[in-house]
Amino acid sequence: MGMSAEDEHAASPRDEEWPEAEKAEKLARGAALKWASGVFYCPEKLEGLGQYRSRETQRNSSIQSRLKSTVQSYLEGVSTGLEQLRSAAQEVQSVCQELGAARWSLLDSTEHCQGLQQMRALMVEHVQLASVVQVLPQLSSVQEVFSHTLQLLHRQHLLEAHVELTMMEHLRDDILSQLHFRGLSSAQATVLSYFGGLQELNESLAKQLWDIVGSSLRLVREDPVLFVTAVRIIEREEKIDDTLLLEATFLPPGRPKGWRQKFYHVLQESITGARFCTAHMDTEGPGLARHLAALKKDIVSELHVVKDLMVQCVPAHYNILRVCTATYHQALTTHLQDILREDLDKQALFLLLEWALHVYQSPEMMAHPDLLPEVDVSALGPLMSPELVDQTERKYVVKVKASVLEWMQRTLEVEFKEWFREEEPETDHQGFFQSALPVIVMQMLKENIQVASLITDSLQQKVYNMALEELEAFLGRLREALVQCGKQHQQDRAKPKHYISYLLATLNNNLALSNSVSSLHPDAACRGVPTSLQAALDRTQKKASQLLLEELLLDLQPLCLQLPSHKWLSGSQLISSMCEVLDKYAKDFSHVRKPVCMQLLLESELLVTRQYLQALMQKKMVCKSEEERGQLCHRLLQDATQLQELFCGLGLSQSQQSLEVLFALRELLSLKDPALLSLEVLGFITKYPDVSDEHISTLLDLRGDVSKEVRHMVLEMMAQNPQVLPESYQPIFSTILVPAPELPFCLHKAKCA
């Protein structure tokens, strides 16, 4: 029942080659072992072992016989296949031998083939000539038809001429088509030579058609039949083109003609003719205005013709009104761009902007009641692009700026000449000095801003910004003119004769400009004076006020030079003279409007105070006795009181005046005990923190009774108590200069080097 080691070793290669066989063998062995174990466990079954052996022997014999028959049938099939392969190889060898023989036969018959090719060419030529001979009866009448068609064209019988022309083209195309499908291309040239006149007829007909289309706007009013005839011919040709293109088998010469597209092209050229040429056009304001007015009139009139007449003469699918509208729109767009390339003045630029942005789409032109609703240019876009509008607006602002600058400069020159007149400036109903300068300037700026508002808000804003810039620059030139006038007045105070009056008029003018600037703003809710312009107005007011105060100073200086002196101590004539000068100037200041008038009085009062203190600081006088010091204090009290009353009478309250410093100074000088000066000076510097050591030292010198120890104690106290100027404090002493102390043991001043 088992297998030997040699058997297992011999079966191992087979098992490796056929793993399924190994598996089957294992199963068989397992079944046999199972059966054998069953037999040995049941001794009664050992009796049937012989029968089992005989059955297995018979089954093995049956299997072997079936295997032999199967192998035998396979061997017979292989033998038959080998026999068929041997027969096929013999047949292939025979075919190769026959092909070789045929190849040599073909090489021997080359000369005979060349003769056959010549015969074939002759046969093709014969067929072509035969085809031409067949159509000769039809070709014989072509020239006669050509002559008749040409006569019809000359008499402008266009429809009849087109019928005959179409008939000739059909004849030519039929003949060429037959030759084309027969492959007789050489015969086509012969046929085309008979129809050479067709090109001339086509050109002659086309020329007349395009002349008619070019004059279509006139013809539809005078003779619409001719225009309708031209359109009918164009439509016939368009249908022939469409048919030939759809068939796409044979396309005759000259096709497609594309006459409908040519119709649009000629019509557009007739619209965009000489009227849109800028070569010899007058681009100045009046000439451009006439040109734009003529364009408006012509375009509206021609669109009326298209809408009312031409639309009825062409098929609906032509959309002739829309095509003409778009043509006018595009032509105008290009035309305006060409005009804008020229160097235009401000009037021309304004006309173009107004015409493109307002007139073009107004009821006067493209939105005319008779054109609506068929004509609609809103879908065609703006006549001028936003970029071009912005560029044109900037050009316009540049031109306006140059004009405004010129006018302002001329106005300033006239104003400067008026300052030297022999008469005082004009006054208004309230008696305030004035001139026409602010009215002229503001009117000029307002008019330009208002004119710009007729175009766009953006242009109005641009012109407004330009106006503020130019006004600021003008104020700068006005200040320069004031300085120049002041220099001439310093050289000869008699010229200008009414120098002060014209300075006061300038202050009123400046105030009028300041009050009027806000009205220039386009938006009433956002009106205000820009910071830079307000600063320029303030500088102009300050410059005119400075020149006035310099004039006042020139009149006060001779009187201040007499302070302090023994003559001054003995009477009040000196301060009375000062009051007379101040009163005279105050009367002049009354010709200025109140805000500026009050400012001038404040500055005049401060000037008087500083000049008075400046005179006291010049070390011209030292009190030699207590009595003389008492006279000085009494004089100070009298002068301060008189000056204070004067300015109170002019409208300044005591709290607005700086003359209080004279009363404080009197208290400092009238102190009887010098030992208490430290406390008095401390209160003084607390009230007037801009006073310096030199100022206090000079005042102590004026007393004449202060020892070195007391002086040192006072100055040391000041050093220990430095003062800080409050923001609202009006400086008094900071502009007052103290003479340098003389060197000790100095000889006569003339001998000091």
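How many nm separate the modelled label positions at Q312 and A28, each set 7 Å beyond the Cα in the direction of the Cβ?
11.3
Using 25 Å as the Cα-Cα cut-off, could you pick out the over-long pairs in K497/K542; K296/K401; K346/K446; K619/K708; K624/K687; K620/K708? Could the numbers behind the result be given before it?
Details: K497/K542 22 Å; K296/K401 30 Å; K346/K446 16 Å; K619/K708 18 Å; K624/K687 28 Å; K620/K708 20 Å.
Long pairs (Cα-Cα over 25 Å): K296/K401; K624/K687.
Based on Cβ point charges of +1 for Lys and Arg and -1 for Asp and Glu, what charge dipole magnitude is obtained for the chain about its Cα centre, in debye rounded to the nearest 20?
The dipole magnitude comes to about 1100 debye.
At a Förster distance of 56 Å, what's the computed FRET efficiency of S707 paired with K495, Cβ-Cβ distance as r, to 0.05?
That gives a FRET efficiency of 0.50.
For the charge dipole of the chain, defined by +1 on Lys and Arg C-beta atoms and -1 on Asp and Glu C-beta atoms about the Cα centroid, which residue among H712, S94, L537 has the Cα displaced farthest towards the positive pole?
Most positive-ward Cα: H712.
Among Q614, Q644, Q656, pick out the residue whose Cα is farthest towards the positive end of the charge dipole of the range 593-665, where Lys and Arg carry +1 and Asp and Glu carry -1 on C-beta, about the Cα centre.
Q614
Note down the net charge around H304, summing +1 for each Lys or Arg and -1 for each Asp or Glu among other residues with Cβ under 12 Å from its Cβ. Please report the intermediate quantities before stating the final value.
Values: positive: R221, K297, K307; negative: D298, E302, D308, D370, E374.
Local charge sum for H304: -2.
Provide the per residue accessible area, probe 1.4 Å, for the chain, rounded to a whole number of square angstrom.
57
Which of the aspartates and glutamates could a cross-linker span from K307 if the Cα-Cα distance has to be under 18 Å and same-chain partners fewer than 8 positions apart are dropped?
Result set, ordered by chain and number: E222, D223, D298, E364, D370, E374, D376.
Strictly greater than 20 Å: what percent of every Cα pair in the range 273-350 meets that?
In whole percent, the share of Cα-Cα pairs in the range 273-350 beyond 20 Å is 40.
Identify which of the listed values of log10 I(q)/I(0) by the Debye sum over Cα atoms at q = 0.05, 0.07, 0.08 Å⁻¹ was calculated from the structure shown: (i) -0.26, -0.51, -0.66; (ii) -0.66, -0.83, -0.94; (iii) -0.36, -0.64, -0.79.
(ii)
Give, in nm to one decimal, the length gained when the segment between H566 and D428 is fully stretched (0.36 nm per residue of separation minus the Cα-Cα distance).
Answer, rounded to one decimal: 44.9 nm.
Going by a ≥ b ≥ c, the root eigenvalues of the Cα gyration tensor, does the range 577-720 fall in the rounded group (a/c under 1.5), the prolate group (a/b larger than b/c) or the oblate group?
prolate
Hey, what's the per residue convex hull volume over the C-alpha atoms of the range 475-562, in cubic angstrom?
Per-residue hull volume (Cα only) is 101 Å³.
Which length gain, in nm to one decimal place, applies between F420 and K584 when the Cα-Cα distance is subtracted from 0.36 nm times their residue separation?
Gain on extension, F420 to K584, equals 56.9 nm.
Between 0 and 90 degrees, rounded to the nearest ten: what's the tilt of helix 320-340 against the longest Cα principal axis of the chain?
It works out to around 40 degrees.
Straight-line reach from K26: which lysines fall under 21 Å, measuring Cα to Cα and dropping same-chain residues less than 8 apart?
K34
By per-residue mean of other Cβ atoms within 10 Å, what is the highest-first order of 498-508, 261-271?
498-508, 261-271
Could you work out how much longer the chain between Q337 and R86 gets when fully extended? Use 0.36 nm per residue separation minus the Cα distance between them, nm to one decimal.
So the extension gain works out to 80.9 nm.
If you average 1/r over every pair of different alpha-carbon atoms in the range 51-113 and take one over that average, what Kirkwood value in Å do you get?
Working: mean 1/r = 0.0593 Å⁻¹.
This gives a value of 16.9 Å.
Please sort 702-712, 487-497 by packing, taking for each peptide the average over its residues of neighbouring beta carbons within 10 angstrom, highest first.
Those peptides, ordered most packed to least, come out 702-712, 487-497.
What does the charge dipole of the range 577-720 about its Cα centre add up to, to the nearest 20 debye, if the Cβ of each Lys and Arg holds +1 and the Cβ of each Asp and Glu holds -1?
300
Would you work out the relative contact order for the chain, in percent, from Cα pairs under 8 angstrom that are 6 or more residues apart?
6
Between the range 303-348 and the range 528-555, how far is it from one alpha carbon centroid to the other, in angstrom?
For the range 303-348 versus the range 528-555, the Cα centre distance is 59 Å.
For Cα pairs less than 8 Å apart in space and 6+ apart in sequence, what is the mean separation divided by the residue count of the range 577-720, i.e. the relative contact order in percent? Show your work: numbers first, answer last.
Details: 100 pairs, mean separation 39.6, N = 144.
Once divided by the residue count of the range 577-720, the mean separation gives 27 percent.
Which value in deg cm²/dmol, rounded to the nearest 500, describes the helix-derived mean residue ellipticity at 222 nm for the chain, given -39,500 (n - 2.57) per DSSP H run of n ≥ 4 and division by the residue count?
-24500 deg cm²/dmol
Report the FRET efficiency, 1/(1 + (r/R0)^6), for E645 and E406, where r is their Cβ-Cβ distance and R0 is 41 Å, rounded to 0.05.
0.20
Rounded, prolate or oblate for the range 232-374? Axes are the square roots of the Cα gyration tensor eigenvalues, ordered a ≥ b ≥ c, and the cut-off for rounded is a/c under 1.5.
Working: a/c = 3.57, a/b = 2.05, b/c = 1.74.
Prolate shape, in that a/c is at least 1.5 and a/b is the bigger ratio.
Have a look at S565, A326, L198 and report the one farthest towards the positive end of the charge dipole of the chain, computed about the Cα centre with Cβ charges (Lys/Arg +1, Asp/Glu -1).
Value computed over the given set: S565.
Can you give the net charge of the other residues whose Cβ lies under 12 Å from the Cβ of R421, counting K and R as +1 and D and E as -1?
Local net charge: -3.
Name the trypsin sites (Lys or Arg not before Pro) in the range 498-553 that are in a loop by DSSP and that have at most 15 other C-beta atoms within 10 Å, would you? Numbers along the way, then the final one.
On the way: sites: R527, R539, K542, K543; in loops: R527.
Passing both the DSSP loop test and the Cβ count: R527.
Please check which bits of the range 448-492 a label hung off H358 would reach, taking the label as a point 7 Å along Cα-to-C-beta and the cut-off as backbone N under 12 Å.
450-457, 460
The values are calculated or read from the model by the stated rules, or taken from the named source; none is laboratory data. Since the structure is predicted, the reported quantities are computational estimates derived from the model, not experimental observations. All Cβ positions, glycine included, derive from the backbone under ideal geometry; neighbour counts span all protein chains shown. Just the protein is used for accessible areas: all its heavy atoms, side chains included, with ligands, DNA and RNA removed. Shrake-Rupley method; radii C 1.70, N 1.55, O 1.52, S 1.80 Å.
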